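The values are calculated or read from the model by the stated rules, or taken from the named source; none is laboratory data. Quick caveat: nothing in here was measured; it's all calculated off a predicted structure. Here the Cβ positions follow ideal geometry from the backbone for every residue, glycine too, while neighbour counts run over all protein chains shown. Areas reflect the complete protein model, heavy atoms only, side chains present, ligands, DNA and RNA absent. Shrake-Rupley method; radii C 1.70, N 1.55, O 1.52, S 1.80 Å.
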Amino acid sequence: MKTFEGSYLGDEEKIADDACMECKICHHVYKPEEGDDYWQIAANTPFTQLPGHWHCPNCDGFMDQFMVIDRNDIL
C-alpha cells in the first residue's frame, strides 16, 4: 500500500502527464518537459512514467515525497 501525506495521496491517476512535481523535502521541481539529466530521464517523461528506482536528484527523497504543484507557482 502506498502512503503519502501530500497532494495526490499515492494515486498516480490523479497526476496529469504534464504535471510539475515538487519534492517536499528540498523543493526540487521535476518538470516533465525537461526530464532529469542526473538520472538520464528523457525530456517529456511524465512523473508517473519514471522508473521505480528514481529518487530526487537533490536530496535522494522517494517519489512519494513529491507534491503536485501549479505551474504558475514555479519561479
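Would you kindly work out the equivalent ellipsoid of the chain from its C-alpha gyration tensor and give its semi-axes, the square roots of five times the eigenvalues, largest first in whole Å?
Working: eigenvalues 52, 40, 34 Å².
After diagonalising the Cα gyration tensor, the semi-axes are 16, 14, 13 Å.
Compute the signed sum of charges (Lys and Arg +1, Asp and Glu -1) over the other residues within less than 14 Å, Cβ to Cβ, of residue 57.
Once positives and negatives cancel, what remains is -4.
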### Message
How large a share of the accessible area of the chain, in percent, is made up of carbon and sulfur atoms when the probe is 1.4 Å and the other protein chains stay in place?
### Response
48 percent
### Query
Using θ = phi - 60° and the Karplus curve 6.51 cos²θ - 1.76 cosθ + 1.60, what whole-Hz ³J(HN,Hα) does each residue of the range 65-71 get, with Gly and Pro shown as x?
9, 9, 10, 5, 10, 6, 4
### Query
Non-local amide H neighbours of residue 41 (under 5 Å, H modeled in plane, Pro and chain starts lacking H): which ones?
36
### Query
Hey, what's the chain come to in accessible area per residue, 1.4 Å probe, Å²?
65 Å²
### Packing-based ranking, highest mean first, of 42-55, 11-24 given that Cβ atoms within 10 Å are counted
11-24, 42-55
### Query
Which length gain, in nm to one decimal place, applies between residue 68 and residue 11 when the Cα-Cα distance is subtracted from 0.36 nm times their residue separation?
19.4 nm
